[in-house]
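Asker: Questions regarding the structure given below will be posed in turn.
The values are calculated or read from the model by the stated rules, or taken from the named source; none is laboratory data. Predicted, not measured: the structure shown is a model, and the values here were computed from it. Glycine gets a Cβ as well: all are built from the backbone with ideal geometry, and neighbour counts include every protein chain shown. Ligands, DNA and RNA are excluded from the accessible area calculation, which covers all protein heavy atoms including side chains. Shrake-Rupley method; radii C 1.70, N 1.55, O 1.52, S 1.80 Å.
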Amino acid sequence: MDWGSILNNTLAGFLTPTTIAFALAALGLAMHFGFAGLLNFGIAGFMAIGGYGYAISVLTFGLPWWAGMLVGVLGSVVFALILGIPTLRLRGDYLAIATIAAAEIARLLFLTTAFTDVTGSADGLFGFNSRPDGSGFQNSNPIPQGTYGFGPFTYNEQTLWVLVFGLIVLTVAVWFLWALMRSPWGRVIKGIREDEEAVRSLGKNVFAYKLQALVIGGVFGALGGIIYTAAQNISPGVYVTSLTFFIWTSLLLGGAATIFGPVIGAVIFWVIQAFLSNLLPALSTSGILPVSTTQASTLRFVLVGIGLMLLVIYRPQGIFGDKRELTFVK
Amino acid sequence: MKFLLDDTRRRVLRIILVALLAVFGGLSVSAPALGDSVGEEYSATVFGNVKVDGEPIAGVRIVVDGGGYTAETVTDSDGRWSIGVPEVRNYNVTLDESTLPEGISVLEGGATQEVEFGLTDRVAKNFFIGEGERNETSIFDQIVSRFIYGINFGLMLGLAAVGVSLVFGTTGLSNFSHGEMVTFGAVAALIFGVGLQLPLFIAIPIAVALSAGLGWSLDAGLWRPLRKKGLGIVQLMIVSIGLSLTMRYVIQFVIGGATEQLPGFDSPKINLFGAVALSSTDLMSMGLSIVVIIAFAYWLLRTKTGKATRAISDNPDLAAASGIDVDKVIRIVWIMAASLAGLAGVLWAYFRPGIKWDMGTQILLLIFAAVTLGGLGTAFGALIGALIVGVLVEMSGLIIPADLKYVGALVVLIVVLLVRPQGLLGRKQRVG
Amino acid sequence: MSNNEKPQKTTDLHIGDAVPGCKKKDPMLVIDHVKKTFGGLTAVDVEHLEIPSGVITALIGPNGAGKTTLFNLLTGFDTPDTGTWSFMGTSLSGVPSFKVAQMGQVRTFQLTKALSLLTVIENMKLGAKGQSGESIFRALFPGFWKKQDADIEVKAMELLKRFKLDTKKDDFAASLSGGQRKLLEMARALMTDPTLVMLDEPMAGVNPALTQSLLDHVISLKGEGMTVLFVEHDMHMVRHIADWVVVMAEGKVVAEGPPDTVMKEQAVIDAYLGAHQETDLGEVTGRINIIKGEDK
């Protein structure tokens, strides 16, 4: 077994476009669930709308990349409003089912062959990051061609550009959430998580606050989808409910009611994923683990499931959360 | 993407990417390697995917012609095909219907259709294919046969939905792992019916019994301890998600990513009346569902445990105070829910047809839709909800593309939550 | 009881006879034909009722009389089937609960709603009205709200001191005792500078040691010019602090008047006897032990 390569690949999981995308989406869920107490099981839908909004505007409407990304973000705002205006009055677990259904509807609409010309249906879309007319995201890459970094953190100029851009977006998002949650606005949001009737009795428009929280978290989710899409093709198969659940796992790993928890959770999730996806097949090829390589890579998702259960049962506040901060009040 | 990566880096990315594709999408692990690509020397491509109800069909002949260029190919094992073309212009794409399986044909637009390139140099062409021949079937017959398929599907959904409803009613848990309990039944039938070659009338009861055992052990090993620990319903819900992931990938670990069939899945269709044709398995499936549902109704309405179950759904504290052993009843509810889900799994395996590791997840939201429509926690409401959802899903295929037929049911789910959250049969809760 | 000093009662509030639905000289809340049914059960059916300004009014009645439901209707937490009601001359029909609160009509809940995972001081600051930092755009930049927030904190600390919670200011509300939570809820309600304070069973579940201080707080609200409407089962408290008593039974107002006279009325005795036969209203000195739970 090549421990050097396993270690190398594991460390590489620290910083990838996917890790950043997960961190952004988990940050969105932290806004929804950790702070506002909204059970959103449809974060994958927000990510899909962000990613597809970007890809479709570039390919079908010929918009420059930054305008396409803006369309993706606006798309998620509209999605949040359409979803939120009717459903935010629902009880917590009803909201969960409504959001997961809405995300599935979004995915099926991207998957159907009825709109193949625009969405590419099952095959998804490609060729939107680099455009022949120079309006693509990679066309605006200021980094000269070459190889950068060291050891496991070696990137070419294209990946590096996605990473730099992604980190900037992530930093702004973290600042945004931090600034909001220390403000009186954040106080109202946390109050709503605890007991919305009490907050209502104090003269706060609870519905408006919940809608604002849903939109902000949704935009973070869409940004996650956009960063993910900026690094590769877009395919509807990614935005299934499992993606939502993996992001929940990331969120709960780090601590739902914290600012940095979701980011750290996403990093931990992907480092563990990278480690297991290298270790388990290696164990299987070297004969230590008596299973096939395919089975070995399935095994790590079994471990995700078990990990999620153990986390929720024994450490619901997350690795970094304060025990008193989140006790799943509802 | 033409990333210039050094080897290690490329490997990592590829592993992550393939893993993402494979596991997130439940797509096959192989990259889209097209078995028989034609015209790869050209930059423009026409491509597509031949599937019936989500199952790929291999070996279908596709011809592209236009501008004096003609090329043909056949679909690979994933149902994919791709043909390179010399210029970006309109082409006629023909799907050779004689290479489709028996009874399957192009439903819309005919076997030859025109494609037009958009802004990219790739264009997808997919045909709406499915059972029945649109041109030969009258609208009335289509409606009738869809309706009957819908009832069949609805009865199957109903078996799964009453379990979700009972569990919700007695414990307050929205069980996201119910889909895997459905898959479990089908897989157990597969192992005994195909793996061990037992006759079906033995294999299916074994599968249901094993499902019951699964229900018992889940309650004894997980849910009861968690209730004792006093976990909130949101926590329990997320635990059920974790359980769902665990079970789903354990099943994939055991049976792999391919689709397997139970014996008799391709039993011939019998013409009943008009153009309505059902296979003997369809008929048996419906008969079995009805018998089981009647037995279930008797259990819920007439037996002591059934009555206790309803009492707990109504008011757990009162039920406990009046001497009902709540834990014992909940244990029975889990056993009941799991065995009905297991049976539903076997029937679902025939309806799809095929057994796949994520088959239960595919209908989980439809089950939730049925339960919500009928009224959360009311078992008979779930049955009625399931029939409505089943018929709706099948009938909507008449109007909207077949691959969007679940969308209708999901929209109904959301609308019901908004307009009548207590469902059709649920009672409005008194607030204040 | 440690405090034997009798609070100053306000009298001469009504016009004409003290009968159900009688006119008040200076009404704050006027209720007309408010009806609410749950299924077949009529929870509230009030023809006409006026709540006088500047005094303490008690709303009493047996369990299931519809007191809490009426509270919910008046504060916009529930919508009636029919009826209109107005607050200081402004109609409140169809006005959402948060707007009712913004107009100066604040309520507390029977089951205390302390925001458990917020600290005591955060609970208090949440109550303040018109905070510019509660708008999402200004929230991002502390320049907009830092000063106002500091002022709110000063005000909150004064109230906490009055309610003897100042030492707990940085504790999570979850760590307070039941009585302290009641106090916190009341103090938080006062942060909104209300005109009308509606207390739903302020004494329920409160440790007797805290009862007197809660009573004093309620009386002092009147002294500060606020109007108080409260639901209570404790007849001693009602008699002790209320200036006016409204008696409900089976959703209707069956009697109203000053506490000393109204409790002797036959309709009141009947209403209570219907619910609780062994209770002799004339002899009650402490809490009447009526089974709770139905009246949630």
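Asker: In segment C:37-53, how many are touching a residue at least 40 places away in the same chain (Cβ under 8 Å) and within 16 Å of residue C:19 (Cα to Cα)?
Answerer: 5
Asker: Please find, among B:3, B:24, the residue that is in contact with a Lys or Arg (Cβ under 9 Å, 6 or more places away or on another chain), within 14 Å of chain A (Cβ to nearest Cβ), outside any strand (DSSP E or B) and at pLDDT below 75.
Answerer: Exactly one of B:3, B:24 is in contact with a Lys or Arg (Cβ under 9 Å, 6 or more places away or on another chain), within 14 Å of chain A (Cβ to nearest Cβ), outside any strand (DSSP E or B) and at pLDDT below 75, namely B:3.
Asker: Residues to consider are B:297, B:319, B:338; find the one that is open to solvent by less than 40 Å² (accessible area, probe 1.4 Å) and without any contact (Cβ under 8 Å) to a residue 12 or more places away in the chain.
Answerer: The unique qualifying residue is B:319.
Asker: Which of the residues belonging to segment B:250-270 are in contact (Cβ under 8 Å) with a residue 12 or more places away in the chain, open to solvent by less than 60 Å² (accessible area, probe 1.4 Å) and within 14 Å of another protein chain (Cβ to nearest Cβ)?
Answerer: Once the filter is applied, which keeps residues that are in contact (Cβ under 8 Å) with a residue 12 or more places away in the chain, open to solvent by less than 60 Å² (accessible area, probe 1.4 Å) and within 14 Å of another protein chain (Cβ to nearest Cβ), segment B:250-270 yields B:251, B:252, B:255, B:256, B:257, B:258.
Asker: Here's a follow-up. Considering (1) in contact with a helix residue (DSSP H, G or I) (Cβ under 9 Å, 6 or more places away or on another chain); (2) modelled with pLDDT under 90, say which one residue C:85 fails and leave the rest.
Answerer: So residue C:85 meets the others, but not (2).
Asker: While we're looking at this one, here's another question. Take residue A:170 and tell me if it is more than 9 Å from chain C (Cβ to nearest Cβ) and open to solvent by less than 10 Å² (accessible area, probe 1.4 Å).
Answerer: No; evaluated as a whole, the condition is false for this residue.
Asker: Identify, please: which residue in segment A:28-42 is within 13 Å of the chain's Cα centre (by Cα) and within 13 Å of chain B (Cβ to nearest Cβ) and is, among those, farthest from residue A:108 (Cα to Cα)?
Answerer: A:32
Asker: Moving on to the next point. Mind counting the residues in segment C:258-281 that are open to solvent by 60 Å² or more (accessible area, probe 1.4 Å), modelled with pLDDT of 60 or more and closer than 16 Å to residue C:238 by Cβ?
Answerer: So the answer is 4.
Asker: Mind counting the residues in segment A:12-27 that are farther than 12 Å from residue A:231 by Cα and more than 10 Å from every other protein chain (Cβ to nearest Cβ)?
Answerer: 8
Asker: Right, something else. What is the residue count in segment A:150-162 for residues that are within 9 Å of chain B (Cβ to nearest Cβ) and part of a strand (DSSP E or B)?
Answerer: Selection size over segment A:150-162: 3.
Asker: Does segment B:159-173 include one or more residues that are open to solvent by 10 Å² or more (accessible area, probe 1.4 Å), of a type in the set (Ser, Thr, Tyr) and in the same structural domain as residue B:401 (by TED's automatic domain parsing)?
Answerer: yes
Asker: Hey, another quick one. Got a sec? Which helices (runs of 4 or more DSSP H) wholly within segment B:138-244 have at least 3 residues that are touching a residue at least 40 places away in the same chain (Cβ under 8 Å)?
Answerer: B:139-171, B:178-190, B:200-218
Asker: Specify which of the listed residues (A:264, A:259) is outside any helix (DSSP H, G or I) and β-branched (Val, Ile, Thr).
Answerer: A:259
Asker: Might you let me know whether segment A:178-185 holds any residue that is of a type in the set (Phe, Trp, Tyr), free of Cβ contacts under 8 Å to residues at least 60 places away in the same chain and not in a helix (DSSP H, G or I)?
Answerer: no
Asker: With respect to residue A:53, determine if the residue is over 21 Å from residue B:412 (Cβ atoms) and at pLDDT below 95.
Answerer: No; evaluated as a whole, the condition is false for this residue.
Asker: Of the conditions (1) open to solvent by 40 Å² or more (accessible area, probe 1.4 Å); (2) among the aliphatic types (A, V, I, L, M); (3) within 24 Å of the chain's Cα centre (by Cα), residue A:125 satisfies every one except a single condition; which number is it?
Answerer: (1)
Asker: Sticking with this one: Only helices (runs of 4 or more DSSP H) wholly contained in segment C:106-223 count here; list those with 2 or more residues that are polar (S, T, N, Q).
Answerer: Result: C:208-223.
Asker: Determine whether segment A:196-204 contains at least one residue that is free of Cβ contacts under 8 Å to residues at least 12 places away in the same chain, among the β-branched types (Val, Ile, Thr) and at the interface with another protein chain (Cβ under 8 Å from one of its Cβ atoms).
Answerer: Checking segment A:196-204: at least one residue is free of Cβ contacts under 8 Å to residues at least 12 places away in the same chain, among the β-branched types (Val, Ile, Thr) and at the interface with another protein chain (Cβ under 8 Å from one of its Cβ atoms).
Asker: So which residues in segment A:166-192 are closer than 25 Å to residue A:128 by Cβ and in contact with a Pro (Cβ under 9 Å, 6 or more places away or on another chain), if there are any at all?
Answerer: Listed by number, the list holds a single entry, A:166.
Asker: Still on this model: I'd like to verify a number: residues in segment A:70-114 that are in a loop (DSSP other than H, G, I, E, B), among the charged types (D, E, K, R) and within 7 Å of chain B (Cβ to nearest Cβ), how many?
Answerer: Count: 0.
Asker: Residues to consider are C:129, C:164, C:182, C:169; find the one that is touching a residue at least 60 places away in the same chain (Cβ under 8 Å), in contact with a helix residue (DSSP H, G or I) (Cβ under 8 Å, 6 or more places away or on another chain) and more than 10 Å from chain A (Cβ to nearest Cβ).
Answerer: C:182
Asker: Looking at segment C:31-50, which of its residues are touching a Phe, Trp or Tyr at 6+ places or on another chain (Cβ under 8 Å) and buried (at least 19 other Cβ atoms within 10 Å of the Cβ)?
Answerer: Across segment C:31-50, the qualifying residues are C:31, C:34.
Asker: Which condition number in (1) within 30 Å of residue A:317 (Cα to Cα); (2) open to solvent by 20 Å² or more (accessible area, probe 1.4 Å) is the one that residue C:144 fails?
Answerer: Here residue C:144 meets the rest and fails (1).
Asker: Answer with yes or no whether residue B:326 is more than 22 Å from residue B:241 (Cβ to Cβ), at pLDDT 90 or above and assigned by TED's automatic domain parsing to the domain that holds residue B:184.
Answerer: The answer is yes for residue B:326.
Asker: Six or more apart or on different chains, Cβ under 9 Å: which pairs go from a residue in segment C:213-234 that's in contact (Cβ under 8 Å) with a residue 60 or more places away in the chain to one that's of a type in the set (Phe, Trp, Tyr) and assigned to a helix (DSSP H, G or I)? Could you list them?
Answerer: From residues that are in contact (Cβ under 8 Å) with a residue 60 or more places away in the chain, the pairs are C:229/C:71; C:231/C:71.
Asker: Working carefully through the options A:133, A:117, find the one that is open to solvent by 20 Å² or more (accessible area, probe 1.4 Å) and more than 7 Å from chain B (Cβ to nearest Cβ).
Answerer: A:133
Asker: Another question, if that's okay. Being assigned to a helix (DSSP H, G or I) and away from chain C (no Cβ under 14 Å) is the requirement here; does residue A:127 meet it?
Answerer: In short, no.
Asker: Quickly run through segment A:205-215 and pick out the residues that are at the interface with chain C (Cβ under 8 Å from one of its Cβ atoms) and open to solvent by 10 Å² or more (accessible area, probe 1.4 Å).
Answerer: A:205, A:212
Asker: Taking segment B:91-124 as the region of interest, how many residues are open to solvent by 60 Å² or more (accessible area, probe 1.4 Å), within 14 Å of chain A (Cβ to nearest Cβ) and within 20 Å of residue B:71 (Cα to Cα)?
Answerer: Qualifying residue count for the region: 4.
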